[in-house]
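Remarks on the structure that follows.
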Amino acid sequence: MPRKKRQRRLLAPPSVKGFSVFGPKNRAEQVVLFFEEYESIKLLDYDNLTQEEAAVCMDVSRPTLTRIYESARNKVAQAMVEGKDLLIRGGNFQFDENWYRCNACNAKFNMASSEENCPVCHSSEIISLNEFYKED
């Protein structure tokens, strides 16, 4: 019996929930990129970390990170070549900290508790992104 997968650690939630195709597209299907796959692309390609450094950030082994990254690259390529929308959702992950978004100004921030107001506009209309993204 295989053991249970450990949750992959994400430093912060993505700023978008997906990407849509410009021009003709195949509306019949969408490609779903898991949060941990998004994080692997962000750490390796955007932040230019080595695989070893990225694996430590995500709290996984280097071979596991390689498998996650390969899956992510295949999904991004499929979305681009086949003209499909790319959605970022789901997977087996946990955020490193508590993240929140203000519904009034759309600011994204982290803090110890949700009892405080938005640090940008001081609105009390904030939602927990940790729970919001887990529901997807």
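Figures for the structure shown
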item	result
Percentage relative contact order, the range 3-123, counting C-alpha pairs under 8 Å, at least six apart	37 percent
Antiparallel content of DSSP bridges confined to the chain, in %, to 5	55 percent
Lysine pair count for the chain [Cα-Cα under 18 Å; pairs on different chains or 8 or more apart]	12
Cut-off of 10 Å, at most 10 other beta carbons, DSSP loop: longest stretch of the chain lacking such GluC sites (Glu not before Pro)	1-114
Kirkwood-type radius of the chain, with distances r between different C-alpha atoms, in Å	16.3 Å
Calculated [θ] (222 nm, deg cm²/dmol) that DSSP helices of n ≥ 4 give over the chain, each run adding -39,500 (n - 2.57)	-9000 deg cm²/dmol
Partnerless Cys - the chain, beta-carbon criterion under 4.7 Å	57
Accessible area of the chain divided out per residue, in Å², using a probe of 1.4 angstrom	63 Å²
Of 22, 104, 49, farthest towards positive along the dipole that unit charges on Lys, Arg, Asp, Glu beta carbons give the range 11-105	22
Fraction of accessible area attributable to carbon and sulfur, the range 1-110 (%, probe 1.4 Å)	51 percent
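The values are calculated or read from the model by the stated rules, or taken from the named source; none is laboratory data. The shown structure was predicted, so the numbers you read here are calculated from the model rather than taken from an experiment. Neighbour counts run over all protein chains shown; Cβ positions are idealised from the backbone, glycine included. Remember, those area values only see protein heavy atoms, side chains included, never the ligands or the DNA or RNA. Shrake-Rupley method; radii C 1.70, N 1.55, O 1.52, S 1.80 Å.
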